[in-house]
Amino acid sequence: MKTLILSVLLLTAGAAQAQSRLDDVRTSKALKVCTTGDYKPYSFLRSDGHYEGLDISMAQSLADSLDAKVEWVPTTWKTLSEDFVAKRCDIALGGVSVTLKRQQIAWFAQPLGVDGKIPLVRCADKDRYQTLAHINRPSVRVIEPAGGTNEAFVHAHLPQATLQLAENTGIFQQLVDKKADVMITDASEALFQQQHYPTLCAINPDKPLQYGEKAYMIPRDDMSWKLYVDQWLHLSTATGEYAQIAAQWLGAKK
């Protein structure tokens, strides 16, 4: 009986290995990448239909390491987890934050760094929105993209504020135009956008309101694929490739 059980376990393990995304990508020569295309500096869909950004360049690097071509799979923050599973993406990226809810349906590759939530506001109003207590008022209009960790943070920590939902790419101009007062977002995005909107200021980027990590989301229960992606990330970091790409988008090593 023990021999039979061991044989079944070995056959199951072998079948699981045979179904690895690593083998699928190598055979199909296609890497399916889920991304929202609305989150600079990580992933942005240009008007000409091409993607650009830090994580877009990294996705191309991963595909090149496998002699494959990238197949972009559009998604939204609200449907990211569902699309990742239903459309069988090999990886999801573009400023994805690690959360336990996402961990329930997927794995994450090794974290790329710490990136917590902070307020992004008009510089003229920066002294008014230094703390959660300052923002958590009905008179304060907080604007966020639908779905994702920004909206979740507002529901959890700013229940008294007036929440407005909008397309992520248009939020910053709405802040400038005084159609909203505060955006809660990751420090990396806030720092990036204040460079492009000089009247906006990132509040206390070195002291985030909530701890967070960025990582690439990969299919659950596929150890061969995770080990490959982690090793690719390790080598990209060790050789300076990641730092070079990050510098193009963040202006500094990350």
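The values are calculated or read from the model by the stated rules, or taken from the named source; none is laboratory data. Given the structure is predicted, the values throughout are model-derived calculations rather than measurements. No Cβ is skipped: glycine too gets one built from the backbone with ideal geometry, and neighbour counts run over all protein chains shown. These area figures cover heavy atoms from the full protein model, side chains too; ligands, DNA and RNA do not enter into them. Shrake-Rupley method; radii C 1.70, N 1.55, O 1.52, S 1.80 Å.
Which of Asp38, Asp83, Asp177 moves the most in a Gaussian network model of the chain with Cα springs under 10 Å? Largest GNM mean-square fluctuation: Asp177.
Between the listed residues Phe153, Leu112, Ala63, the Cα displaced farthest toward the positive end of the dipole of the chain, a dipole computed from Cβ unit charges relative to the Cα centre, is found at Phe153. Under a model in which nothing but the beta-carbon of Lys, Arg (+1) and Asp, Glu (-1) is charged, the range 115-211 shows a dipole of about 340 debye around its Cα centre. Expressed to the nearest 5 percent, the antiparallel share of DSSP beta bridges inside the chain is 60 percent. How much of the accessible area of the chain, probe 1.4 Å, is carbon plus sulfur, in whole percent? Ligands and nucleic acids excluded, carbon and sulfur give 55 percent.
Dividing the summed helix terms, -39500 (n - 2.57) for each DSSP H run of n ≥ 4, by the number of residues in the chain produces a 222 nm estimate of -12000 deg cm²/dmol to the nearest 500.
For the residue pairs Lys101/Lys178; Lys101/Lys126; Lys178/Lys207, the alpha carbons lie more than 27 Å apart in Lys101/Lys178; Lys101/Lys126.
Scaling against 2.2 N^0.38 Å puts the C-alpha radius of gyration of the chain at 1.12.
Taking every C-alpha pair closer than 8 Å and separated by at least 6 residues, the mean separation divided by the residue count of the range 115-211 gives a relative contact order of 46 percent.
When DSSP beta bridges are restricted to pairs lying wholly in the range 115-211, around 65% turn out antiparallel. Stretched out straight at 0.36 nm per residue, the stretch from His50 to Leu235 would grow longer than its current Cα-Cα span by 63.9 nm. A 1.4 Å probe run over the range 115-211, with the rest of the protein chains in place, finds 46 Å² accessible per residue.
Computed over the Cα atoms of the range 115-211, pair by distinct pair, the Kirkwood hydrodynamic radius stands at 12.8 angstrom.
Computed on the chain, with alpha-carbon pairs under 8 angstrom and 6+ residues apart, the relative contact order is 25 percent. Close amide H pairs (under 5 Å, H built 1.01 Å from N) link Cys89 with no residue at least 5 positions away or on another chain.
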